[in-house]
1. Is it true that B:T69 is of a type outside the set (D, E, K, R), at pLDDT below 95, part of a loop (DSSP other than H, G, I, E, B) and loosely packed, with under 15 Cβ neighbours inside 10 Å?
2. Check B:D60, B:D53, B:D23, B:D76 and return the single one that is farther than 30 Å from B:E96 by Cα and at pLDDT 90 or above.
3. Output the residues belonging to region A:87-115 that are of a type outside the set (A, V, I, L, M, F, W, C), under 23 Å from B:M59 (Cβ atoms) and at pLDDT 95 or above.
4. Show the residue pairs that are 6+ apart or on different chains and have beta-carbon atoms under 6 Å apart, the first residue being within region A:64-85 and exposed (fewer than 14 other Cβ atoms within 10 Å of the Cβ), the second being modelled with pLDDT of 90 or more.
5. Every residue in region B:61-96 that is among the acidic types (D, E), facing chain A (nearest Cβ under 7 Å) and over 23 Å from A:D78 (Cα atoms), please.
6. If you scan region A:96-111, which residues turn out to be of a type in the set (A, V, I, L, M) and under 11 Å from B:L88 (Cα atoms)?
Amino acid sequence: MRLTEKRPDVRPKWPSEEVQIVTFTSRGGTATGVVKEVRWGLVWRDFILDDGRVIPEHKILGEHESPVWRKPQDISQDERAAWERRLASMADAGLDPRDEEQPFRAELNQYLAYTYLRFKEARHKPPAKQT
Amino acid sequence: MTIRVSLTEVREEAERNIMGKADQSEKQQVWTLLSEAGLVDIPTDEFSERVKDAKKAIMDRLGELLTSTTDVEERDSAAYSLATLKKLEIALQRRE
């Protein structure tokens with residue numbers, strides 16, 4: 001299993017590099033899968049399984065630390081723009097976000113959560129005055 | 001000297017605990033906010049609705065930013081995000 005985009009300010013002790021199989025909540029109850037990679041999203045971490053399914057960390061069952069989060073202000077302009085380009089290209093390719101546990105659904109869900117947090121926070125910030 | 005060092009250690013430990021609790025509380029607040037907005041795990045048939053909500057939030061902010069000449073970067077990035085959401089909305093409509 002590979003852990004990507006490690007950030008110095010967050011040092012999760014979980015998942016350990018040895019964990020290979022995870023159980024998670026799914027629409028039909030619970031399911032298991034083999035973890036290929038753990039990837040940071042715009043708000044939370046996603047577990048990428050070897051069959052391509054994408055499971056957000058908060059759906060993983062078992063004893064582990066509470067999910068770690070990123071703040072909207074920690075996302076750079078470049079990262080956001082890259083995420084938006086990827087979403088647009090997945091939409092162009094005809095992918096459907098209603099397909100369960102698929103990358104487009106996972107990325108769109110995170111993007112909408114991030115957008116909500118980003119603009120909810122900004123709403124309380126008055127625009128800079130004209131000079 | 002020993003007492004001073006140990007007091008410093010106690011204070012640092014207390015600060016770490018306070019920071020940890022503040023962090024936990026912030027995490028909890030974020031979780032609650034996202035849960036209430038239905039954004040932790042968007043149901044299959046609600047993606048279009050959530051995209052519309054996000055567009056509205058951006059348009060509200062853009063309205064505020066139009067009065068400013070200094071928040072150009074935020075205005076540009078908000079406009080770009082709005083364009084992305086419009087594109088996604090059209091793609092979702094095509095599948096309905």
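1. When the stated conditions are applied, B:T69 passes them.
2. On inspection, the qualifying residue turns out to be B:D76.
3. A:E107, A:N109, A:Q110, A:Y111, A:Y114, A:T115
4. none
5. Kept after step one, since they are among the acidic types (D, E), are these residues of region B:61-96: B:64, B:71, B:73-74, B:76, B:89, B:96.
So of that shortlist, the ones also facing chain A (nearest Cβ under 7 Å) come out as B:64, B:71.
Result: B:E64, single match.
6. Once the filter is applied, which keeps residues that are of a type in the set (A, V, I, L, M) and under 11 Å from B:L88 (Cα atoms), region A:96-111 yields only A:L108.
The values are calculated or read from the model by the stated rules, or taken from the named source; none is laboratory data. Treat the numbers as computed from the prediction; the structure is a model and nothing was measured. As a convention, Cβ positions derive from the backbone with ideal geometry for all residues, glycine included, and neighbour counts pool all protein chains shown.
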